[in-house]
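Each remark here refers to the structure printed beneath this line.
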């Protein structure tokens, strides 16, 4: 019913057709397409796949997003079969291209090789979609199914190795691309979208966004009115910008700020947050809720979870933490003698949070990659009641940072390394027994044959990590490499492995360590005080060295993860570090040692962690996103 109301509003207020319709097939990157269109001065509306012909005719062109389904799935999104017969230009992206080809009688099949990384593509000449671009370029491919035969009337306009990466029916102005032009990992993606919108669709480019700050202030005032608002501040840029916007929009007497110490914070985190946020002149309260979180439970589908300290599943941990945040917040509201019915909760939620959590605010069809603490079930219930204020919800990290600078926030706040809301609880990989499937030994043997060409060895690790492949969540093996090889060779093989081994979504390299594989045992790990302390110390060492070697600006984020395996003879857990480069946190690449992060920095990190922590090995995460998410859980 809500969808019909939204569509009616769009239909009633449309003054001209200088707008593009984005049909949402459940893409993780759907909101990024919308963002790119607006950057290119084109207004964009995100609509359901089955939007009626009468509505679609009001638009100048159509984009069909990617999505997690196969065109043959019974639960594939239902689409308006007239969409390709409206005499409008259509661009199908990933699933959108497969659907277009399938609709016109072409074939789509699942191949043994899948692509979930940046790949070189070759494009055809004399094609408006690629006009002015190099014939070979890098693009993000993320798919399981592939087109094996182009439909009648379509020509092949791009390829990735033997895989069809682009099709076109110039007469009907129908174009399909298997890769994602909307993300940073596609080298000329914005140019390709620009060619479609201007050279093929003939848009005028008359749309200009309203000033972000003014729009956010208006939203806050309309939402809060004369009520109070409690803003949850972590000390990161997202919540700091949210707090600064509230300060501009409302009276000081309406705003209360709360920092919750969950017990899973970085070393001395709460003290640093308090010092940083004093500069915003907020009425800040710090609540030590570490015991609440440590012993927290919640209900999932009516079933009580174990306590957080005993939980193993990453999704259960995330849901417990998200709901505990709401309970602690409500308890603190009562302590502050605020009226529960007249106090809204503000948080620095970003678009990627909602997209990965599959919130209806981002997409009605997207697959859940991981539940963010600011989009748990209790948060959604409060949101439905109109009690949640989220002025950043349409922005990505780089956009929030730009707003922060416009608001006059310090570089220390704006450029601070991001830290996940659930904190170290999702950077401790918990396991009570090794995960060894029937494919374990066979995969190990094939994996070693695959990497022998660069003179290294490899083995699976007997636990799982979270990833994203083809717009879907994956929960699969990590693999560790060791031996002497060039970093460029290691980076390349890390991209290749998940394409051939669909049960692996993350690859790490052991720093200065020879490993005796196969590894079939784990060190049982839960969220115990000793595990938290070890990770806090290791995280502090990594952060200190990144600053010492001036490696902070190149890396958007550097998660430090405690993993439940011993990679040497000593029965000690290991530490993984993930220096990661990204703008929007939807896609990205690992930092390249030497070019992005000094080798001396890595060596010093590994030495200090081994000397000062009860850790047996340090590994470097080589995985792009996709197939590996930024965080491991």
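The values are calculated or read from the model by the stated rules, or taken from the named source; none is laboratory data. Since the model is a prediction, treat every value here as computed from it, not as a measurement. No Cβ is skipped: glycine too gets one built from the backbone with ideal geometry, and neighbour counts run over all protein chains shown.
Annotations
This table checks each residue for (1) in the same structural domain as residue 42 (by TED's automatic domain parsing); (2) surrounded by fewer than 23 Cβ atoms within 10 Å (Cβ to Cβ); (3) under 24 Å from the mean Cα position of the chain (by Cα).
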site: 161; (1), (2), (3): yes, yes, no
site: 186; (1), (2), (3): yes, no, yes
site: 190; (1), (2), (3): yes, yes, yes
site: 235; (1), (2), (3): no, yes, yes
site: 261; (1), (2), (3): no, yes, no
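- Within the range 271-288, the residues that satisfy the criterion of being over 25 Å from the mean Cα position of the chain (by Cα) and either at pLDDT below 85 or under 16 Å from residue 238 (Cβ atoms) (or both) are 271, 272, 274, 275, 276, 277, 278, 279, 280, 281, 282, 283.
- When residue 205 is tested against (1) under 30 Å from residue 59 (Cα atoms); (2) outside any helix (DSSP H, G or I); (3) in contact with a strand residue (DSSP E or B) (Cβ under 9 Å, 6 or more places away or on another chain), exactly one condition is not met: (3).
- Remark: residue 51 matches the filter, which requires a residue to be farther than 30 Å from residue 623 by Cβ and crowded, with 20+ Cβ neighbours inside 10 Å.
- Meets criteria (in contact with a strand residue (DSSP E or B) (Cβ under 8 Å, 6 or more places away or on another chain), over 23 Å from residue 425 (Cβ atoms) and in a strand (DSSP E or B)) for residue 589: yes
- Scanning the range 120-139 for residues that are surrounded by 21 or more Cβ atoms within 10 Å (Cβ to Cβ) and either within 21 Å of residue 199 (Cα to Cα) or touching a helix residue (DSSP H, G or I) at 6+ places or on another chain (Cβ under 8 Å) (or both) yields 123, 129, 130, 139.
- Those residues of the range 301-312 which are part of a loop (DSSP other than H, G, I, E, B) and touching a residue at least 12 places away in the same chain (Cβ under 8 Å), in sequence order: 305, 307, 311, 312
Table: residues versus (1) farther than 23 Å from residue 524 by Cβ; (2) in contact with a strand residue (DSSP E or B) (Cβ under 7 Å, 6 or more places away or on another chain); (3) buried (at least 16 other Cβ atoms within 10 Å of the Cβ).
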{"residue": "293", "(1), (2), (3)": "no, no, yes"}
{"residue": "296", "(1), (2), (3)": "no, no, yes"}
{"residue": "303", "(1), (2), (3)": "yes, no, no"}
{"residue": "309", "(1), (2), (3)": "no, no, yes"}
{"residue": "314", "(1), (2), (3)": "no, yes, yes"}
{"residue": "317", "(1), (2), (3)": "no, no, yes"}
{"residue": "320", "(1), (2), (3)": "no, no, yes"}
{"residue": "328", "(1), (2), (3)": "yes, yes, yes"}
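- Within the range 533-565, tally of residues that are touching a strand residue (DSSP E or B) at 6+ places or on another chain (Cβ under 7 Å) and more than 30 Å from residue 398 (Cβ to Cβ): 3
- Residues (over 23 Å from the mean Cα position of the chain (by Cα) and in contact (Cβ under 8 Å) with a residue 24 or more places away in the chain) located in the range 13-39: 14, 17, 18, 19, 20, 21
- Test for residue 116: is it touching a strand residue (DSSP E or B) at 6+ places or on another chain (Cβ under 6 Å) and either surrounded by 23 or more Cβ atoms within 10 Å (Cβ to Cβ) or at pLDDT 95 or above (or both): yes
- Residues of the range 163-184 satisfying the condition of being crowded, with 23+ Cβ neighbours inside 10 Å and under 27 Å from residue 403 (Cα atoms): 180, 181, 182, 183
- Inter-residue pairs, beta-carbon under 7 Å, first farther than 24 Å from residue 197 by Cβ and in the range 61-78, second buried (at least 24 other Cβ atoms within 10 Å of the Cβ), 6+ apart: 68/470; 68/471; 69/95; 71/98; 71/99
- Hey, residue 255 touching a residue at least 24 places away in the same chain (Cβ under 8 Å) and not assigned by TED's automatic domain parsing to the domain that holds residue 388 or not: no
- Counted residues, the range 21-69 - those being part of a helix (DSSP H, G or I), more than 21 Å from residue 177 (Cβ to Cβ) and touching a strand residue (DSSP E or B) at 6+ places or on another chain (Cβ under 9 Å): 1
- Residue check for residue 74: closer than 23 Å to residue 497 by Cα, outside any helix (DSSP H, G or I) and within 30 Å of the chain's Cα centre (by Cα): no
- Scope the range 70-83; condition more than 14 Å from residue 100 (Cβ to Cβ) and modelled with pLDDT of 90 or more; matching residues: 70, 72, 73, 78
- Test: residue in the range 156-172 that is under 17 Å from residue 63 (Cβ atoms), in contact with a helix residue (DSSP H, G or I) (Cβ under 8 Å, 6 or more places away or on another chain) and part of a helix (DSSP H, G or I): no
- Matching residues, the range 372-392, being assigned to a loop (DSSP other than H, G, I, E, B) and surrounded by fewer than 21 Cβ atoms within 10 Å (Cβ to Cβ): 385, 386, 387
- Where residue 245 falls short, out of the listed (1) touching a residue at least 60 places away in the same chain (Cβ under 8 Å); (2) in contact with a strand residue (DSSP E or B) (Cβ under 8 Å, 6 or more places away or on another chain): (2)
- Wholly enclosed helices (runs of 4 or more DSSP H) of the range 393-482 bearing at least 2 residues crowded, with 21+ Cβ neighbours inside 10 Å: 397-406, 440-451
- Residue list for the range 526-542, restricted to those being surrounded by fewer than 20 Cβ atoms within 10 Å (Cβ to Cβ) and not in a helix (DSSP H, G or I): 526, 528
- Flag if residue 506 is under 20 Å from the mean Cα position of the chain (by Cα), modelled with pLDDT under 90, assigned by TED's automatic domain parsing to the domain that holds residue 569 and surrounded by 16 or more Cβ atoms within 10 Å (Cβ to Cβ): no
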